[in-house]
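What follows is one structure encoded as structure tokens, with my remarks underneath.
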Amino acid sequence: MAILVTGGLGYIGSHTVVELINNNFEVIIVDDLSNSEKFILHNIEEITGKRPIFYPFDLKRKELLNQVFDAHDIEGCINFAAFKAVGESQEKPIDYYENNLFSLINILQEFKTRKISNFIFSSSCTVYGQADKMPIDENTPLKMPESVYGKTKQMGEEILKDFAQSYKSKICLLRYFNPIGAHPSALLGELPIGVPNNLVPYVMQTAAGIREKLSVWGNDYPTEDGTAIRDYIYVVDLAKAHVAALKSLMNKETEETVIDVYNLGTGKGSSVLEVVQAFESANEVAVPYQICNRREGDITIAYANADKAERELNWKSATSLEESLKTVWEWQKYLESRKN
Ligand code: UD1
């Protein structure tokens, strides 16, 4: 019995593969290496002592996916494989819909034909848009996201709900807040291609001198220091939530539809400037920055109420912002050492 992890060499995927192996799951990775690198497979083996089975192909290739399902006794899937750059999704909407939704549908076709259940989907707090009330719990009304990337997440959720209802399947939607950090071994972390869009990778590269200055997008938000607030969740904590969600889903020996939804965050909001300061003090390094105009499409504030995950999955975020940011700096040093 094996778990299919799509995008298993990517940022959150690779950390989750490690946690799955640590929990004695057999892991099959499908990843087309479009936003990941092969050395991550080697590093997973270095951390766990096990090399997961790996297939390098694009999930839109139905015939190859079919062969993987023929070759292995797959009893569940964690689906990380997706394009995730918000700006790019606006420029290439059809590519985003095609990539993120066709790959999902292809896996669900296999699930349907073979009567497999247990599907975990990487969703995002972007499905809530700017919520009226903080913290955001799972009953907060959804708003159609502005970005095409966000829409693929919302549509993915809808497709999965219909799938679960029609075929009496078990699915789980995990809505991540802002994942940050790297593995404590410094062998896994986020590998931004080109100029990073997300805050923490940009901070990391600025501290390392790769970027001259961080642009802080707006200091006129109605928050204490004027910069926007997010809930930064440590990636290893997030990875552990996937294992807890999978076990919980698999334990539900039911013929009925199961649609689990969990917000995964720390429950604490931090402003952009707080992140910068925490990075500087955790790593004793300077992060030069300048204040710029707001970034289009950004919201003011989002942080989670993750009580449901604690109650039902016995999971909770355990790592502080500073501890997470220390691992980011170790990861940057590792990346530099690879160049030499
Ligand atoms: C972004 C996406 C969101 C996606 C998430 C995945 C947008 C509008 N939203 O969320 O849909 O689910 O990434 O991780 O892109 N910031 C700066 N300077 C920078 C980068 C970021 O000031 O160079 C600020 C942003 O304005 C924001 C905060 O830092 O207030 C966090 O930004 P980011 O890491 O991009 O995450 P989100 O915008 O929350």
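Coordinate-derived values only; no laboratory data. None of these values were measured; they are calculated from a predicted model. Because the Cβ atoms are built from the backbone with ideal geometry, glycine has one as well, and the counts that use them run over all protein chains shown.
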Notebook entry, point to check: Taking H as built 1.01 Å from N, whose amide H comes closer than 5 Å to the amide H of V258, not counting residues under 5 places away?
Noted result: S169, K170, I171
Next item on the list: Specify the residue with the greatest mean-square fluctuation among W315, W329, W217, computed from a Gaussian network of the chain linking alpha-carbon atoms under 10 Å apart.
Entry: W217
Check: Considering the dipole of the chain built from charges on the beta carbon (Lys and Arg +1, Asp and Glu -1) around the Cα centre, which of Y128, G76, P145 is farthest to its positive end?
Finding: G76
Margin query: 5 Å is the cut-off here: which amide hydrogens, built 1.01 Å from N in the peptide plane, fall below it relative to Y289, excluding neighbours closer than 5 in sequence?
Written below: L214
Checklist line | Convex hull per residue volume in Å³, alpha carbons only, for segment 210-312 | finding: 151
Next item on the list: Let me know the Kirkwood hydrodynamic radius for segment 1-101, please, with Cα pairs as the basis and the value in Å to one decimal.
Entry: 14.0
Check: When all alpha-carbon pairs of segment 170-218 are counted, what percent fall beyond 12 Å?
Finding: 71
Margin query: Under the rule of at least 5 residues apart or a separate chain, name every residue whose amide H is placed under 5 Å from the amide H of I233.
Written below: N178, I180
Item checked: Karplus (6.51, -1.76, 1.60) ³J(HN,Hα), θ = phi - 60°, over segment 307-316, in Hz, Gly and Pro reported as x -> 4, 5, 5, 5, 5, 8, 10, 6, 10, 8
Item checked: Only Lys, Arg (+1) and Asp, Glu (-1) charged, at Cβ; segment 134-221 dipole about Cα centre in debye -> 200
Next item on the list: Using only the C-alpha atoms of segment 270-334, find the volume of their convex hull and express it per residue in Å³.
Entry: 134
Notebook entry, point to check: With a sphere of radius 12 Å drawn around the Cβ of E255, what net charge do the other residues whose Cβ falls strictly inside it have (Lys, Arg +1; Asp, Glu -1)?
Noted result: +2
Checklist line | Mean-position separation - Cα centroids, segment 32-82 and segment 283-340, in angstrom | finding: 26
Check: If one computes P(r) from the Cα atoms of segment 111-186, what percent of pairs lie at distances over 22 Å?
Finding: 36
Next item on the list: Compare R175, R230, R311 in a GNM of the chain, Cα atoms joined below 10 Å, and give the one with the largest fluctuation.
Entry: R311
Check: With charges set only on the Cβ (+1 for Lys and Arg, -1 for Asp and Glu), what does the dipole of the chain come to about its Cα centre, in debye to the nearest 20?
Finding: 380
Next item on the list: Please compute the net charge surrounding T48, taking Lys and Arg as +1 and Asp and Glu as -1 over other residues with Cβ under 15 Å from its Cβ.
Entry: -1
Next item on the list: At a Cα cut-off below 16 Å, give the lysines reachable from K62, other chains included and same-chain residues fewer than 8 away excluded.
Entry: K112
Note to self: Give me Rg/Rg_expected for segment 1-47, where Rg uses Cα atoms only and Rg_expected = 2.2 N^0.38 Å with N residues.
What the structure shows: 1.02
Notebook entry, point to check: In this model, which of K60/K92; K38/K115; K240/K316 are farther than 20 Å apart at the alpha-carbon?
Noted result: K38/K115
Notebook entry, point to check: Looking only at I105, I94, I116, which one moves most when the chain is put into a Gaussian network model with springs between Cα atoms under 10 Å?
Noted result: I94
Margin query: Taking 4 °C and 1.567 mPa s as the conditions, I'd like the Stokes-Einstein D for segment 143-208 in µm²/s, using the Kirkwood hydrodynamic radius from alpha carbon pairs.
Written below: 87
Checklist line | Cβ-based net charge around D298, under 11 Å, with every Lys or Arg adding one and every Asp or Glu removing one | finding: +1
Margin query: Cross-link candidates for K252: which aspartates and glutamates have Cα within less than 14 Å, leaving aside residues fewer than 8 places away along the same chain?
Written below: E75, D260, E312
Item checked: Mean Kyte hydropathy of -0.5 or more with a Cα span along the axis of at least 15 Å, helices from DSSP in the chain -> 11-22, 103-114, 235-251, 272-283
Item checked: Against the rule of thumb 2.2 N^0.38 Å, how large the Cα Rg of the chain comes out -> 0.96
